[in-house]
Every structure is written in structure tokens, then in C-alpha cells.
Amino acid sequence: MSTSDIKQVNWLKILGYAVLTHIILIALSFLTVFIYSLIELGHPESFYESFAMKSAPYVSAVGGFIFMYWFVTRLAKEKKINPYIIGLGLPLLYEIIDLIMLAMMQTDWGEILDVVLISAGMKFLGAMIASYRISKLQDVKWG
């Protein structure tokens, strides 16, 4: 991985994909609650809000894994850039945005730290699996 690889990366595009991932995962959380509300009819709004708070981390972890894998694969195939740069950069930018959003919401970190770490780990795992796969297809070495 050379410094020329890092300069060739379109960081604005990667930032766009990080924001897009946030939008998709939030939409998936809404969709999950909507589907649940069709199954569990007639409950007060607080019941569905409680479900949303419980299900959102799982939706984020699973959906984040899938979309990080897909987006890193897509971005890494566009150019002959070391895919590990994209595989580390995309989830890192995503997590920076996520932490800023959580801080703005005055989050109780002690209450959600384990969930945030697991969710972040799933996103990095999806991105790194995609990076590894693309590196084998392009015969790119880590260093």
C-alpha cells in the first residue's frame, strides 16, 4: 500500500457511501418496526418505540455487515486501488459519523457501548471480508 494509493481514493465518494449506509440502516429500522406493527396490532405507540430501541442495534449490525460488504466491493472494483484502504476507510468514516450523531443525542455511553462496539465490529468485518475477496481477485498485497 503506497501513498499514491491513498491519494487516488475518492474520499468524498467514500463519505457519500458512509452517509448512504446511515440512511439505508435507518430506513431498515423503520421498515422493521412497520412490519412488526403489522404482526403485533393494536398496541400503544410506546410498545413499538420500545421494540424499535431493542431491534435497531441488530438491524444496524446485520444490515451494516451486508451493506459494508456490498459498498466496499463496489468501490474497490472501480479502480485498481488497494481494497484495504477502502475496507478500512468506509467503516471508519461511518463510525465517526455514528459517534457524532450519538454524542449529539446525549447518549448514555455506559448503556449502549457494548452494542455500539458489536455493531461497529460487524461493519468492519463485512468491509474487511470484501477487501480480502477483492484483493485476491486483483492480486493485491496488504503492504
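The values are calculated or read from the model by the stated rules, or taken from the named source; none is laboratory data. As the structure is a prediction and not an experimental result, all values here were calculated from the model. In this analysis, Cβ positions are derived from the backbone assuming ideal geometry, glycine residues included, and neighbour counts consider all displayed protein chains.
Data table
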{"quantity": "Residue pairs meeting the criteria (Cβ under 6 Å; at least 6 apart or on separate chains; first touching a residue at least 12 places away in the same chain (Cβ under 8 Å), in region 17-32; second surrounded by fewer than 17 Cβ atoms within 10 Å (Cβ to Cβ) and assigned to a helix (DSSP H, G or I))", "calculated": "A18/I97; T32/S55"}
{"quantity": "Test: residue in region 12-28 that is surrounded by 16 or more Cβ atoms within 10 Å (Cβ to Cβ) and over 30 Å from K136 (Cα atoms)", "calculated": "yes"}
{"quantity": "Total residues in region 38-63, condition modelled with pLDDT under 90, assigned to a helix (DSSP H, G or I) and among the small types (G, A, S)", "calculated": "5"}
{"quantity": "Members of region 112-141 found to be farther than 16 Å from L75 by Cα and not in a helix (DSSP H, G or I), listed by number", "calculated": "D139, K141"}
{"quantity": "Residue check, M105 over 17 Å from G126 (Cα atoms) and among the aliphatic types (A, V, I, L, M)", "calculated": "yes"}
{"quantity": "Selection status of I81, β-branched (V, I, T) and either free of Cβ contacts under 8 Å to residues at least 60 places away in the same chain or in contact with a Lys or Arg (Cβ under 7 Å, 6 or more places away or on another chain) (or both)", "calculated": "no"}
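Yes/no per residue for (1) surrounded by 14 or more Cβ atoms within 10 Å (Cβ to Cβ); (2) farther than 19 Å from L25 by Cα:
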{"site": "I96", "(1), (2)": "no, no"}
{"site": "L99", "(1), (2)": "yes, no"}
{"site": "W109", "(1), (2)": "no, yes"}
{"site": "D114", "(1), (2)": "no, no"}
{"site": "A120", "(1), (2)": "yes, no"}
{"site": "K123", "(1), (2)": "yes, no"}
{"site": "G126", "(1), (2)": "yes, no"}
{"site": "S131", "(1), (2)": "yes, yes"}
